[in-house]
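Everything on this sheet refers to the single structure shown next.
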Amino acid sequence: MIRISDALTGLIRGNPFLEFGFHHRLFNLTRLANYLHPHLEARTKKPVQVSAITMNLSRLQRRLAATTPTPEQFVIQNVSINSALCTATYAKSPDIHTALSALSGEIHRLNGFCSLAQGPHEITIIIDGRYRPLLRQNVAAAPLYDHDRIASVAVQFGASYTDVPGMLYMLLQCVALQNVNLIEIASTYTEIIFFVDESDTQTIFDAFYRNFLVRRDSR
């Protein structure tokens, strides 16, 4: 027979909305207990008192809150923006890979912005918009997707955070809560770059400064 605490954990872990609100103490536990009541009885296959659910929620929340990361735990070294970018995604092939790699090298030689990412089946390039004609000149294939008016918001953090759980989670959560279209993500050892529509750039930039402690000497 499933215990109430185990059933509660399963319900909360299986629902991103509940998990976020529960971790950040956004819920009235009594009202949450009433909402979860029929779901818990279905899982445990026995009658469950709402008071018992509330008590278990309180215990679980205290336990999880101790391990929930908060923005105040992290210090961002720098937040920077690149605007007037464009992106194109192609079906991956040796010819496309060779052409985009050569184009990436040329753009970097010209001190332009270029980000190249690839998966098992696709390859994406994001470049300064002024090099769009050069992209068309070097790659004859039609892109699976392309988009102009893109901006990047790059966050730099200390190397010590690479061994600390929660940093990237908090940054991604901060972006997700702004309800903007996240077009692409790229990352390196101490940087993560969020690519969004230019109209959303200020929203993301401000969100990072409002929610994270930024080193004063980087402002």
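The values are calculated or read from the model by the stated rules, or taken from the named source; none is laboratory data. Please read these numbers as outputs of a predicted model, since none were measured by experiment. Neighbour counts run over all protein chains shown; Cβ positions are idealised from the backbone, glycine included.
Inside the range 83-115, can you point out the residues that are of a type in the set (A, V, I, L, M), surrounded by fewer than 18 Cβ atoms within 10 Å (Cβ to Cβ) and within 18 Å of PHE194 (Cβ to Cβ)? If the condition is that a residue be of a type in the set (A, V, I, L, M), surrounded by fewer than 18 Cβ atoms within 10 Å (Cβ to Cβ) and within 18 Å of PHE194 (Cβ to Cβ), then ALA84 is the only one that fits. Here the range 30-66 is the region considered, the condition is being assigned to a helix (DSSP H, G or I) and among the small types (Gly, Ala, Ser), and the residue that is surrounded by the most Cβ atoms within 10 Å (Cβ to Cβ) is ALA33. Has the range 22-29 got any residue that is more than 21 Å from ILE193 (Cβ to Cβ), assigned to a helix (DSSP H, G or I) and under 20 Å from the mean Cα position of the chain (by Cα)? Scanning the range 22-29 turns up at least one residue that is more than 21 Å from ILE193 (Cβ to Cβ), assigned to a helix (DSSP H, G or I) and under 20 Å from the mean Cα position of the chain (by Cα). All of (1) at pLDDT 95 or above; (2) in contact with a strand residue (DSSP E or B) (Cβ under 7 Å, 6 or more places away or on another chain) hold for HIS147 with one exception: (1).
Listed here are the residues, each with its yes/no results for (1) within 18 Å of ILE192 (Cβ to Cβ); (2) surrounded by fewer than 18 Cβ atoms within 10 Å (Cβ to Cβ).
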| site | (1), (2) |
| --- | --- |
| ASN78 | yes, yes |
| ILE126 | yes, no |
| ASN138 | no, yes |
| ALA142 | no, yes |
| ARG149 | no, yes |
| GLN156 | yes, yes |
| VAL164 | yes, yes |
| ALA176 | yes, yes |
